[in-house]
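One structure is given below, encoded as structure tokens.
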Amino acid sequence: MRMSGCALLVLLPLAAAAQTAAPGPSAAGAAKAPAYVTHAVNDPARAADKKDDVRRKMADVMTFTGAKPGDTVMELLPGGGYWTRVFSQVVKPGGHVYTVWPDSTKPDSKSWASWEKLVKTPHYADVTMLREDMNRPHAPAPVDIVFTSENYHDLHDPYWGPNKQPVDIAAFNKAIFAALKPGGVFIVTDHIAPAGSGTRDTDTLHRIDPAVVKQEVEAAGFVFDGSSDALLNPKDPLDVKVFDPSIRGHTSQFIYRFKKPAK
């Protein structure tokens, strides 16, 4: 499931910068999904989500996270729960999923009602909802995995921080580091912006330069531990808004894994 250090360091930056050739085999896809991942993906309770699994490479991404039975996961900004429902079944038995929502925003009543229903459903008894300051998100106990999908770029914009200000990225990443067990991993997937663009496009196009994410997360003490090209799309021009009909649902995305050193 893990690639060599040299290959990992060059694969995503080159692909994100050029986007000229079809991506090679996915780092996650190169490893067969464990039986518990396949079982969770095929859970009948998530039948409504199945239509998106090929496009969103659910099995590849879930395998790449390394999640397994008994793990504790903290999922940041879980949206509609697409990833949550699979994590919940992967970590059974004995695991738990903490979903973190920002306390700076008023939850949409429809979405919030949907989540309250989910956590009250016996099938998802291992899922907990938390509302937290996004400058210092944490779980009740140290976790094995922190996961966020298509949200990291938003932390740079005046929306999820206190008083609708940008999140303090340094404080945020340090809080994630502190929330993890030694050896735990932080998984970030997000829409790719052109190489060298930094955070220029986070609020306008909802994209971010992968190199910036790597720099910010490593500054908190993390060690870069791998990447997957499962969600790369060479047809994405990288300079259009992710909601543009021409690319929505098919943006080119990086998937990075960072590890908290065991010592």
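The values are calculated or read from the model by the stated rules, or taken from the named source; none is laboratory data. Since the model is a prediction, treat every value here as computed from it, not as a measurement. In this analysis, Cβ positions are derived from the backbone assuming ideal geometry, glycine residues included, and neighbour counts consider all displayed protein chains.
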**Item:** Residue in segment 127-137 that is modelled with pLDDT under 95, touching a helix residue (DSSP H, G or I) at 6+ places or on another chain (Cβ under 9 Å) and part of a helix (DSSP H, G or I) present
**Value:** no
**Fill in**
The residue that is nearest to A59 (Cα to Cα), considering only those in segment 215-235 that are crowded, with 20+ Cβ neighbours inside 10 Å and not small (G, A, S), is L231
**Complete:** In segment 245-263, anything part of a loop (DSSP other than H, G, I, E, B) and surrounded by 12 or more Cβ atoms within 10 Å (Cβ to Cβ) is listed as I247, H250, T251, S252, K260
**Wholly enclosed strands (runs of 3 or more DSSP E) of segment 142-242 bearing at least 3 residues in contact with a Ser or Thr (Cβ under 6 Å, 6 or more places away or on another chain)** = 143-149, 180-191
**Request:** Could you check Y98 against (1) over 24 Å from V213 (Cα atoms); (2) at pLDDT 95 or above; (3) out of contact with any Gly (no Cβ under 8 Å at 6 or more places or on another chain) and say which number it fails?
**Result:** (1)
**Conditions (1) assigned to a helix (DSSP H, G or I); (2) of a type outside the set (K, R); (3) at pLDDT below 95; number of the one not met by M62** = (3)
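For V119, indicate whether it is crowded, with 19+ Cβ neighbours inside 10 Å, β-branched (V, I, T) and either out of contact with any Ser or Thr (no Cβ under 6 Å at 6 or more places or on another chain) or part of a loop (DSSP other than H, G, I, E, B) (or both).
No.
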**Complete:** Result of the Cβ filter at 8 Å on segment 161-176, keeping first residues that are under 19 Å from R257 (Cβ atoms) and partners that are of a type in the set (G, A, S), at least 6 apart or interchain, is N173/A219; N173/A220; K174/A220; K174/G221; I176/A220
